[in-house]
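Worksheet: one structure, shown below.
The values are calculated or read from the model by the stated rules, or taken from the named source; none is laboratory data. It should be emphasised that the depicted structure is a prediction, and the values quoted were computed from it without experimental measurement. Here the Cβ is made from the backbone with ideal geometry for all residues, glycine too, and neighbour counts use every protein chain on show. In case anyone asks, the SASA skips ligands and DNA or RNA and just uses the protein heavy atoms, side chains included. Shrake-Rupley method; radii C 1.70, N 1.55, O 1.52, S 1.80 Å.
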Amino acid sequence: MIAVFFAGLRMNIIQINKGRDIPLSGAAERKKVLCALPPVVAVQPPDFYGLRLIPVVKPGDSVQVGSPLLEHKDDRRVKIVSPASGAVADIIRGDKRALLAITVRCDGKQSALSFPKTPAAEVKHLAPDAVIGQMLSAGVWPCVRQRPFAKIAEPGSRPKSIFVQAHMTDPLSPDLDFVLEGQEARFHAGLEILKRLTPGTVFVCCPPSARSRAIQEASGVSVVGFAGPHPAGNVSTFIHHLDPVQKGDVVWYIGAEDVCRIADLFLEGRFNPRRTVAVTGEGALSRVYGQTVLGAPIRHLLTGALLESSRYISGSVLRGTDVGLDGYVCFYDQQVTVLPLGGKREFLGWLRPGWNKYSFSRTFLSSLPRRGTEALFSLDTDRHGGQRAIVLNHLYDGYVALDVLTYFLVRAIVSGDLEEAQRLGLLECADEDFALCAFACPSKFDVGGVIREGLKLIETEG
Amino acid sequence: MTFLERKIKNLGRHFSAGKPLAKFYPVYEALDTFCFTPGTRTSKAPFVRDAIDLKRVMTFVVLGLMPCLAMGIYNTGYQVLLARGEALRFGACVWQGLFKVFPVILVAYAAGGFWEVLFAAVRKHEISEGFLVTGLLCALIMPPTVPLWQVAVGISFGVVIGKEIFGGTGYNIFNPALVSRAFLFFAYPAQFSGDQAWVAVDGFSRATPLAVLSAAGHGGQAVPALQEAGYSFSNMFWGFIPGSIGETSTFACLLGMGFLLVTGVANWRVIAGCGLGLLGTGTLLFFSRGPESLAFFSLPPHWHLVMGGFAFGSIFMATDPVSSCATNSGRWIFGLLVGTLVVLIRVFNPAYPEGVMLAIIFMNAFAPLVDHYVVERHIRKRSARLAAFRGEAGCR
């Protein structure tokens, strides 16, 4: 207890005042459940932003855990590997032959390719190039992403610091502190390896209430608690407050569970495909933390009667992907959200008092104080209104935890003034940071979409 | 599906592509979504959305205008009966007021709506709810004696030149209702200024409080001059004075302001800035008065608040988020300058006894400039912060 107390004192806490939590009902119970190996898993190229992937297997090929399935066209060292052993079932393509997924039928053995092992005491002496080389060849590399542009890190770059995301504040998001419980040794070894990759600091960003030994006893890194509402747990928020990105800078970031994956690669010499996924949302009957593998089918994680008419989202309601009941969990997502579809037309909706309608604004009776379970809302995927030009331009700034003027940033991008957009801080942003703006906007303006466009333009045009 | 929903859906067939009414689809769409929420679902993140939409925002502004409308109707009738020397019964006042005000609102909505529909049909976009507010605002800032054809001409000018040529609601530079009034004010000065415009009785002449002070000239005392003309602070506050339809009652405006601020629809910074700018400049003039200065100098500053259209303009028109500033510091500056300009125009410009309309339009034009400097300052602060981080990293 005393150790926890002192460790708590050591943690720096940064208070985020902007932003807001959406009180969505349907959180997952704090219970980890070991899921059976799914019959089929998928690797989905659209998850890997910034890579141009080409398949290196054919349907029918047998693969092991860690066998390459896809390679990056511009740098063949970057590979995406199979999370299961078995045979390649299908290569799914969409419009214009865009690669959508490679599915692997599992044989249940989970036999894995083996890679060189390093004793735990030795990892702190590994050479950076050796670390990167092994991560690339074992397919762990795509776990590491970079800012600016929120894409997969370039193996040749040297980041000025590395951020470990051990905190998420999206609605119903998993408690990563809880996920890390019992994985102390792996997590700490993973941090040691990450420290080899940067001359700067490794930041572990966690909730201020983090109690797991994995976080409390992490040494040689900077542990920072982020207090406050969403987006306190966004990577951009961490970076902005600890080591902001400027033109020419690169920082890397990685999820807490993926740090353990790196450790497993070096300590055990294999690609560990384990992934903890929180099953959340009103539409899911049993809401727990499921321990499964990367790319597991959504259906496999859910129990009981499943409605075709629900919305099955890999990730949170703010930044997830609609994958459908037959879809698969995306590579980086640690959460599945099942929402009621909604979209029922209501008579004179613009005039209703709205006791049960959730809004950040104070134009519904629901904004009167509530207590207990009443304070949570069941939200569906109704857009609640038509798209219009932005009118209430004073709303956005209250929901972005970065030092940017959102309305002017959007205006600069829409008018094609990328220089101005960079001066306004576009490089520090990712589309996910503006999800609350898009949520709150009465004009239903796609703020995140514009930001994504702007980043894409800067990336391609330099 | 309810009976009404079915009926509306059936009606929609006539507006579908290839049918004769296809061009007027926006009209059908407006009717349809007026009756029922659109029910559209999100297709990408964020998958859940706030229940508020622009219809509700604009409806709330209209609701906020209701006290002014009610008071405007009552007072218009009240002034008529007062001028005729008849008994001031409540029912009679309301009836007389409705008789004058209702046609003005009807014409404003009809003419403004016509242009909205036309532009929506040509540009193939949905009809924007902004015109619900513009139409009512435009009606409420007309003198009660205004000829109806002038209302139609004015709002047509306001909607087309003030808004639609810029791309419609959300893109306009000036407040369209104010553009309407400014156009009418300069095009038909006989109906929009002078002493005969403000009570809806033919040939009846009574100067508004601002005109009284304007006429008082040098060396006069403001409060006695007003009292002599029958104006006290309280009847100007409650609004039993001649003036444009909706602007006379400061009390009604404050009720609307309370509603808009509690619901968060209007930005308080603009309103606070306007009030402070007006009081500050008013105070400055009050204390710099000499024996030979204009009568306006001796007006206690808080009297400015209840005179003319200041309360109405600062609460309902300066706060238009599209045509005012879009940064928080900018909103303060915008408000302060509007307040200051109102007093300066009132006091120093004998041609225009009321300065609110011109002050807001003038500041609308300067809002982008104010924002520009605020944004530049923000960018400088940003790069200073980043440089500080870089310096720290260098020391490490």
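Residues that are away from every other protein chain (no Cβ under 14 Å), buried (at least 21 other Cβ atoms within 10 Å of the Cβ) and part of a helix (DSSP H, G or I): does segment B:194-206 have at least one? Checked segment B:194-206: no residue is away from every other protein chain (no Cβ under 14 Å), buried (at least 21 other Cβ atoms within 10 Å of the Cβ) and part of a helix (DSSP H, G or I). Of the residues making up segment A:175-194, those that are buried (at least 19 other Cβ atoms within 10 Å of the Cβ), out of contact with any Phe, Trp or Tyr (no Cβ under 8 Å at 6 or more places or on another chain) and part of a helix (DSSP H, G or I) are A:176, A:177, A:186, A:187, A:188, A:190, A:191, A:192, A:194. Taking residue B:271 as the residue in question, decide whether it is touching a residue at least 40 places away in the same chain (Cβ under 8 Å), in a helix (DSSP H, G or I), within 23 Å of residue B:341 (Cβ to Cβ) and not polar (S, T, N, Q). It is true that residue B:271 is touching a residue at least 40 places away in the same chain (Cβ under 8 Å), in a helix (DSSP H, G or I), within 23 Å of residue B:341 (Cβ to Cβ) and not polar (S, T, N, Q). Taken over segment A:169-187, the residue count meeting the criterion of being without any contact (Cβ under 8 Å) to a residue 40 or more places away in the chain and over 16 Å from the mean Cα position of the chain (by Cα) is 3. The residues of segment A:364-377 that are buried (at least 16 other Cβ atoms within 10 Å of the Cβ), part of a loop (DSSP other than H, G, I, E, B) and more than 7 Å from chain B (Cβ to nearest Cβ) amount to a single one, A:376.
Restricting attention to segment A:152-174, the residues being over 14 Å from residue A:239 (Cβ atoms) and in a loop (DSSP other than H, G, I, E, B) number 13.
Scanning segment B:242-295 for residues that are open to solvent by 40 Å² or more (accessible area, probe 1.4 Å) and of a type in the set (Ser, Thr, Tyr) yields B:283, B:288. Being of a type in the set (A, V, I, L, M, F, W, C) and assigned to a helix (DSSP H, G or I) is a description that does not apply to residue B:351. Among all residues of segment A:281-294, there is at least one that is of a type in the set (Gly, Ala, Ser), surrounded by fewer than 21 Cβ atoms within 10 Å (Cβ to Cβ) and modelled with pLDDT under 95.
Count of segment B:153-167 residues, restricted to those that are surrounded by fewer than 19 Cβ atoms within 10 Å (Cβ to Cβ) and more than 14 Å from every other protein chain (Cβ to nearest Cβ), is 5.
Would you please list the contacts, defined by Cβ atoms under 8 Å and residues six or more apart or on different chains, that run from a residue in segment A:125-138 that is at positive phi to a residue that is aliphatic (A, V, I, L, M) and crowded, with 19+ Cβ neighbours inside 10 Å? Listed by first residue and then by second, the contacts come to nothing, as the list is empty.
A quick yes/no check of all residues on (1) in a loop (DSSP other than H, G, I, E, B); (2) touching a strand residue (DSSP E or B) at 6+ places or on another chain (Cβ under 8 Å):
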{"site": "A:290", "(1), (2)": "no, yes"}
{"site": "A:299", "(1), (2)": "no, no"}
{"site": "A:305", "(1), (2)": "yes, no"}
{"site": "A:317", "(1), (2)": "yes, yes"}
{"site": "A:330", "(1), (2)": "yes, yes"}
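Within segment B:235-264, the set of residues being among the aliphatic types (A, V, I, L, M) and farther than 20 Å from residue B:143 by Cβ comprises B:254, B:255, B:257, B:260, B:261, B:262. Working only within segment B:33-82, note down all residues that are among the aliphatic types (A, V, I, L, M), more than 7 Å from chain A (Cβ to nearest Cβ) and surrounded by 18 or more Cβ atoms within 10 Å (Cβ to Cβ). Within segment B:33-82, B:58, B:61, B:65, B:69, B:71, B:73, B:80, B:81, B:82 qualify. Under the condition of being hydrophobic (A, V, I, L, M, F, W, C), under 26 Å from the mean Cα position of the chain (by Cα) and open to solvent by 30 Å² or more (accessible area, probe 1.4 Å), the residues counted in segment A:113-150 number 1. Exactly one residue among A:326, A:380 is more than 7 Å from chain B (Cβ to nearest Cβ), open to solvent by 20 Å² or more (accessible area, probe 1.4 Å) and in contact (Cβ under 8 Å) with a residue 40 or more places away in the chain, and that residue is A:380.
Are any of the residues in segment B:168-183 more than 14 Å from every other protein chain (Cβ to nearest Cβ) and assigned to a loop (DSSP other than H, G, I, E, B)? Yes, segment B:168-183 has at least one match. Please list, ordered by first then second residue, the pairs with beta carbon atoms under 7 Å, 6 or more apart or interchain, first in segment B:196-210 and without any contact (Cβ under 8 Å) to a residue 40 or more places away in the chain and closer than 21 Å to residue B:304 by Cβ, second of a type in the set (Asp, Glu) and open to solvent by 60 Å² or more (accessible area, probe 1.4 Å). Note: pairs meeting the criteria are B:207/B:195.
Residues in segment A:115-151 that are assigned to a helix (DSSP H, G or I) and of a type in the set (Ser, Thr, Tyr): A:137 alone. If you scan segment B:143-185, which residues turn out to be under 15 Å from residue B:358 (Cα atoms) and of a type in the set (D, E, K, R)? If the condition is that a residue be under 15 Å from residue B:358 (Cα atoms) and of a type in the set (D, E, K, R), then B:181 is the only one that fits. Of all the residues in segment A:80-112, those that are surrounded by fewer than 20 Cβ atoms within 10 Å (Cβ to Cβ) and assigned to a loop (DSSP other than H, G, I, E, B) number 7. Do we find a residue being of a type in the set (Ser, Thr, Tyr) and either more than 7 Å from chain B (Cβ to nearest Cβ) or open to solvent by 40 Å² or more (accessible area, probe 1.4 Å) (or both) anywhere in segment A:347-363? No: segment A:347-363 contains no residue that is of a type in the set (Ser, Thr, Tyr) and either more than 7 Å from chain B (Cβ to nearest Cβ) or open to solvent by 40 Å² or more (accessible area, probe 1.4 Å) (or both).
When residue B:8 is tested against (1) farther than 30 Å from residue A:170 by Cα; (2) open to solvent by 20 Å² or more (accessible area, probe 1.4 Å); (3) not hydroxyl-bearing (Ser, Thr, Tyr), only condition (2) is not met.
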